[in-house]
């Protein structure tokens, strides 16, 4: 997955504390403006057999409530503040993954996964499924989607590219959890995954 470039700046004055007794200023306390309303989530390239078609999957995280949020420090003192400087303890309640599935050569790398299906590649693009998992330490739970929409070219019009918006509504999901969106074939086989981590 591609990471987003960061620019570190020192906190002036008193540091915003996420841990009792944390130092007011040290080399580990700084802000990193890395969060925006839309953030790339990486890509996967799949080889479809027996057709030989290549599918590129590109991920984008859409979360307007994260615009301007910053990570505070690193290690055990790490935390997040929103655009107003208020500490975040949980993921924003609503966010979406925008997944582009394309037969065009949008990513010029070799396939990393193989999908075996008798379906025509264009039909496969229309029948993708999605599953979000949240990892909390060794525990994992599945979060149902609020909606799955095909945006852009309508499903009843032939196309070599489909764009999905998969939306979720979470309640009190700690920022220490790790979210992984799995892309599934029509048969339920996992063919790709996209990460959404705040820390």
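Per-structure values
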| read-out | value |
| --- | --- |
| Of all residues making up segment 118-145, the number that are buried (at least 16 other Cβ atoms within 10 Å of the Cβ) and either under 21 Å from residue 93 (Cα atoms) or touching a helix residue (DSSP H, G or I) at 6+ places or on another chain (Cβ under 6 Å) (or both) | 6 |
| Subset of segment 89-108 [in contact with a strand residue (DSSP E or B) (Cβ under 9 Å, 6 or more places away or on another chain) and more than 12 Å from residue 43 (Cα to Cα)] | 89, 90, 91, 93, 94, 95, 96, 97, 103, 104, 105 |
| Residues of segment 70-93 satisfying the condition of being buried (at least 21 other Cβ atoms within 10 Å of the Cβ) and in a loop (DSSP other than H, G, I, E, B) | 73, 91 |
| Index of the failed condition, residue 83 passing every other in (1) over 22 Å from residue 42 (Cα atoms); (2) over 18 Å from the mean Cα position of the chain (by Cα); (3) touching a residue at least 60 places away in the same chain (Cβ under 8 Å) | (3) |
| In segment 155-186, the residues that are touching a helix residue (DSSP H, G or I) at 6+ places or on another chain (Cβ under 8 Å) and not in a strand (DSSP E or B) | 155, 158, 159, 160, 185, 186 |
| Answer residue from segment 33-50, given it is in contact with a helix residue (DSSP H, G or I) (Cβ under 6 Å, 6 or more places away or on another chain) and crowded, with 16+ Cβ neighbours inside 10 Å and is nearest to residue 112 (Cα to Cα) among those | 48 |
| Leading residue by the ranking (nearest to the chain's Cα centre (by Cα)) among those in segment 123-154 that are modelled with pLDDT of 95 or more and assigned to a loop (DSSP other than H, G, I, E, B) | 145 |
| Looking only at segment 51-65, and only at residues there that are closer than 20 Å to residue 36 by Cβ and touching a residue at least 60 places away in the same chain (Cβ under 8 Å), the one that is surrounded by the most Cβ atoms within 10 Å (Cβ to Cβ) | 59 |
| Scope segment 102-123; condition farther than 13 Å from residue 52 by Cα and touching a residue at least 12 places away in the same chain (Cβ under 8 Å); matching residues | 102, 104, 105, 106, 107, 109, 112 |
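Here is a yes/no grid of residues against (1) closer than 30 Å to residue 81 by Cβ; (2) without any contact (Cβ under 8 Å) to a residue 60 or more places away in the chain:
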site: 100; (1), (2): no, no
site: 134; (1), (2): yes, yes
site: 140; (1), (2): yes, yes
site: 198; (1), (2): yes, no
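The values are calculated or read from the model by the stated rules, or taken from the named source; none is laboratory data. The model shown is predicted, which means the values in this text are computed figures rather than measured ones. Backbone-built Cβ (ideal geometry, glycine too); neighbour counts: all protein chains shown.
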